[in-house]
Each structure stands twice: as structure tokens, then as C-alpha cells.
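The values are calculated or read from the model by the stated rules, or taken from the named source; none is laboratory data. Note that the structure is a prediction, hence the values are computed from the model and not measured. Here Cβ is always computed from backbone atoms with ideal geometry, including for glycine, and neighbour counts include all displayed protein chains.
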Amino acid sequence: MIYGGDIHFFKRHFQPFRRYYISSAKLETVQPRYSTYSNEYCWVIDNSTVVQQVHESEPPMLPDIFNFKPYGRIYEHIDTDEEIDLLGVAIHVNPRAMRGPTPTREIIIVDERSSKNQEAFLKFIAERTYADRLNLIPAPVDDRVVTIKSLTTTNTKRPYWIRGIPNLLDRSQKMWYNACPICYKYLRARPNLEFDCTSCHKCIRVSPRCRLTVQLIDHTGSITLDLNGNDAEQLLPFTIVEIQKQEIQLDYTTIEDFIKQNNLVCLVKKTQNTYNSAAAAKYIAIIAHIRNSTPEELVVISKYTTNYATTSASWNNKLS
């Protein structure tokens with residue numbers, strides 16, 4: 001470990017993949033909250049530590065330190081402690097931005113599949129298809145979709161693909177909030193006020209962003225699911241502007257009926273409930289795809305909402 005000004009002091013001494021003699025380093029116990037590896041102790045190097053490079057005509061082969069993952073499985077590592085590596089070519093680099101105190105930069109990269117169809121790849125870049133979240137995280141094949149029961153009983157901390165029928169959970173919920181149009185941070189501000197966002201530090205005016213809480217149901221159970229932005233708005237029969245205008249006399253019956261006509265395939269993660277540990281678990285959608293529900297699926301859904309067990313086999317038969 002190197003801290004503070006010693007980082008600048010040693011930046012020309014250490015090079016990747018080279019070996020060094022180190023003498024008089026301090027040995028300290030690792031504090032768990034700062035640890036990124038499972039080591040109990042660490043060396044602390046300061047500007048009084050003796051460091052000498054090992055000059056080798058033929059350096060030994062270093063072990064493989066990379067943990068490459070295919071693009072189609074990246075979602076499995078969201079919100080986990082796992083470190084992964086990606087191999088690809090950068091096709092678009094966004095300007096540097098600030099998320100709170102952290103500088104960030106979004107980079108669009110592609111893997112080797114782009115070289116198999118040059119024409120489609122050039123069209124992908126020209127039309128900025130990479131900016132569409134639905135294209136970046138497409139709906140999965142069936143073997144990656146789990147049941148809601150499996151989702152709620154697993155202890156593995158990672159996102160999962162599920163599918164089901166949404167139902168409006170609460171008629172009193174407000175279906176929009178004012179947010180930064182760039183980083184989507186919730187902000188209490190008047191729409192006509194121009195100011196610097198406290199998160200991304202861009203000069204903005206807040207805009208309405210859709211928010212929706214539904215009950216998502218399949219043949220094994222149900223969960224409470226939060227959807228935001230386009231994922232939520234695609235489930236509504238009205239635009240956000242229309243909802244704002246008629247909010248006092250909003251037609252919730254039409255909204256409920258419209259929502260239930262959809263069949264969602266969602267990538268979801270469990271939300272952290274910091275206020276009430278005894279409350280039922282909630283989930284948030286990272287991405288939500290709509291596929292049309294067949295009349296058979298709607299019939300099955302109406303039955304299993306009152307009796308899951310007796311209709312499980314019927315659901316499977318209808319979807320097969």
C-alpha cells in the first residue's frame with residue numbers, strides 16, 4: 001500500500017510486470033472495510049523504503065491475471081465484488097463527467113462479433129444504435145430466465161432475468177418526479193429554474209421522469225418491482241405530460257387495464273431497505289423488455305393470482 005504524497009514519489013519507480021527488491025517496508029494489519037483482497041496483512045511503502053528493480057535478461061512468465069468475460073454475461077457481475085476484464089475496441093468515447101465527487105467517462109466498446117458483419121457494424125455506429133439501452137442489454141434466451149420463486153429464495157448477490165405480468169400496485173402512487181435530464185438524480189426544483197446539478201455538475205433544468213411500482217407475477221409467486229424512465233413509461237397509456245395535466249382526475253382504471261396487457265422480461269436486482277428491515281423485499285428493474293401477452297397467458301394469470309399451486313402446470317403448458 002502507498003498513501004498520499006508517496007504515490008507521486010514512487011510513480012516512476014514501479015512499472016507493471018516488473019519485479020523489485022523491497023526492504024524496510026512496514027507490515028500492517030489490513031482493515032476489512034478497506035480491503036480489496038482476502039489478505040490479513042499488507043506492506044506499507046513510504047519514501048524511506050528501499051526499492052530496487054530486479055534486472056533480468058529473461059523475466060519469468062507471470063501468471064494470467066486477467067478474468068475476461070463475454071459481453072453477454074456482464075450483467076451477472078453488476079453490484080458484486082467481482083473484478084472482471086473486457087477485451088474490445090472503443091468506438092465512442094463520451095466527455096468526462098462527474099458523478100458526485102467521482103470523475104467518470106462512458107466508453108462504448110465492441111467485441112469480435114462486430115468483425116463478422118462489417119455492413120451491420122458500420123450501420124450500428126452511424127445510427128448510434130449503441131445509445132439505445134434495449135440494444136445494449138437485449139432480452140435473453142430462455143435458459144437465463146429464472147422464476148420469481150428462485151429469485152426470492154437465492155442468496156447470491158447479483159442481477160437475474162425474470163419474466164411475468166405486471167399489475168399496478170398502488171393507485172395513490174405518483175408516477176413521475178423531477179430529475180436531472182443527464183444523470184437522472186431526483187431534485188426538488190422548479191422546471192423553469194436553470195442551475196448546476198449537484199451530482200453531474202452540468203447546467204440543467206429539471207425534467208419529469210417516469211417512476212412506477214408494480215407487482216410482477218409469474219406461476220411461482222410475485223415481487224414488488226420499481227421501474228424508472230423509459231422502462232416505466234412504456235407500460236403507460238399516457239405520456240408523462242398528459243399524466244401531469246390530469247393528475248388529480250387520473251384514469252387509474254385505464255392505466256391498470258393497459259399495464260396488465262404487457263408481459264415483461266426484466267433484468268432486476270434487489271434494493272437495499274435501510275429504513276425497515278422487516279418490510280417485504282423490493283426489486284428494481286435495470287432494464288425491462290415488453291413482449292405481448294397471449295390470451296392464454298392472461299387467463300392463466302387471472303387464475304394463479306388466487307391459487308399458484310394448481311395453475312403452475314397450466315402456465316408451463318401454455319408457454320411451451
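Residues in the stretch 224-239 that are at pLDDT below 90 and either surrounded by 17 or more Cβ atoms within 10 Å (Cβ to Cβ) or in a strand (DSSP E or B) (or both): Phe238 only.
Per the conditions (1) in contact (Cβ under 8 Å) with a residue 60 or more places away in the chain; (2) outside the structural domain of Lys123 (by TED's automatic domain parsing), the sole criterion not satisfied by Val44 is (1). Would you confirm, using the coordinates I've provided, whether Glu297 is under 30 Å from the mean Cα position of the chain (by Cα), at pLDDT 60 or above and either in a helix (DSSP H, G or I) or surrounded by 15 or more Cβ atoms within 10 Å (Cβ to Cβ) (or both)? Answer is no for this residue.
Scanning the stretch 198-223 for residues that are at pLDDT 90 or above and among the basic types (Lys, Arg), we see that the one that is farthest from Ile284 (Cα to Cα) is Arg205.
Restricting attention to the stretch 15-44, the residues being in contact with a strand residue (DSSP E or B) (Cβ under 7 Å, 6 or more places away or on another chain) and either surrounded by 10 or more Cβ atoms within 10 Å (Cβ to Cβ) or closer than 21 Å to Pro63 by Cα (or both) number 12.
Considering Leu264, Leu216, Leu225, Leu235, which residue is in the same structural domain as Tyr160 (by TED's automatic domain parsing), touching a residue at least 40 places away in the same chain (Cβ under 8 Å) and touching a helix residue (DSSP H, G or I) at 6+ places or on another chain (Cβ under 6 Å)? Within the list Leu264, Leu216, Leu225, Leu235, the selection yields Leu235. With respect to the conditions (1) within 18 Å of the chain's Cα centre (by Cα); (2) at pLDDT below 85; (3) of a type outside the set (A, V, I, L, M); (4) within 30 Å of Thr198 (Cα to Cα), Arg105 lacks only one, and its number is (2). Being part of a loop (DSSP other than H, G, I, E, B), more than 37 Å from the chain's Cα centre (by Cα) and surrounded by 10 or more Cβ atoms within 10 Å (Cβ to Cβ): is that true of His55 here? No, not satisfied. Determine, yes or no, whether Leu250 is part of a loop (DSSP other than H, G, I, E, B) and either surrounded by fewer than 18 Cβ atoms within 10 Å (Cβ to Cβ) or not aromatic (Phe, Trp, Tyr) (or both). The answer is yes for Leu250. For the condition in a helix (DSSP H, G or I) and surrounded by 11 or more Cβ atoms within 10 Å (Cβ to Cβ), Leu87 does not qualify. Residues in the stretch 182-197 that are over 18 Å from Ile286 (Cα atoms) and either surrounded by 12 or more Cβ atoms within 10 Å (Cβ to Cβ) or in contact with a Phe, Trp or Tyr (Cβ under 7 Å, 6 or more places away or on another chain) (or both): Leu187, Ala189, Phe195, Cys197.
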